[in-house]
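Q: I have a structure here, written as structure tokens, and I will follow up with some questions on it.
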């Protein structure tokens, strides 16, 4: 009997021998275990079991991988939002500090004026009815921004505006002082052929600002982007240093509406 057992060399012999423990321990049982046909069936059964287990595990694995991916993405978004929020707060703090210290230039995009970029065909700078104009929200936002700057004690030494009506109206509704139009801050989208000349003229105005207070310029988003590389939101203020070369880099940004 022992010689017969030790003579089993098939890979499933040990498994079959163990299975035989559940059978009557006899020569007939060992004969069944050693039978090639029986061992082939055991292989098929084992393969089927592996297939069934794998089929049930794979959906679970896919589900766990999906949940893990969602978790990682969510954490990345939260971290990104936190970083962006911290950066925005830092930019606001620097902007307020610069405005309180004076000797800076505040570049403000006009308040909300629906209708996309540019102006309707055939518009005239001297005729507000032919241009994009402030919405009711834009007018209200301009009033709020002016009130906030006043409450913060920001001293505006001068206010310049693009000749476009939506910029003049924004600057006027701030109620922070007299407004003077300056052609070099005219819309570079509409006056695209003059873009370089207008931008150079705007830089010259900033470079020449040496006042002890703040120069506020109400202009267009595209103009501010050409000067600083920043595309501001409606009513947003981008603060730059006055003096030579100061207008090429933003100190901070404020969204006050």
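Q: Since residue 122 meets every condition but one in (1) touching a residue at least 12 places away in the same chain (Cβ under 8 Å); (2) on the phi > 0 side of the Ramachandran plot; (3) more than 27 Å from the chain's Cα centre (by Cα), which condition does it not meet?
A: (1)
Q: How about region 67-107: which of its residues are under 22 Å from the mean Cα position of the chain (by Cα), at pLDDT 50 or above and within 30 Å of residue 158 (Cβ to Cβ)?
A: Within region 67-107, 89, 90, 91, 92, 93, 94, 95 qualify.
Q: Restricting attention to region 133-153, which residues are in contact (Cβ under 8 Å) with a residue 12 or more places away in the chain and over 30 Å from the mean Cα position of the chain (by Cα)?
A: Passing the criteria: 150, 153.
Q: Would you pick out the residues in region 185-206 that are more than 21 Å from residue 112 (Cα to Cα) and in contact with a strand residue (DSSP E or B) (Cβ under 9 Å, 6 or more places away or on another chain)? Spell out how you get there, then give the answer.
A: Going residue by residue through region 185-206, those that are more than 21 Å from residue 112 (Cα to Cα) are 192-206.
Scanning region 185-206 gives 202, 205, 206.
Q: Only one of these conditions is not met by residue 130: (1) closer than 22 Å to residue 214 by Cβ; (2) touching a strand residue (DSSP E or B) at 6+ places or on another chain (Cβ under 8 Å); (3) surrounded by fewer than 17 Cβ atoms within 10 Å (Cβ to Cβ). Which number is it?
A: Only one criterion is unmet by residue 130, namely (1).
The values are calculated or read from the model by the stated rules, or taken from the named source; none is laboratory data. Quantities reported herein were computed from a predicted structural model and do not represent experimental measurements. Cβ sites come from the backbone with ideal geometry, for glycine too, and all protein chains shown count toward neighbours.
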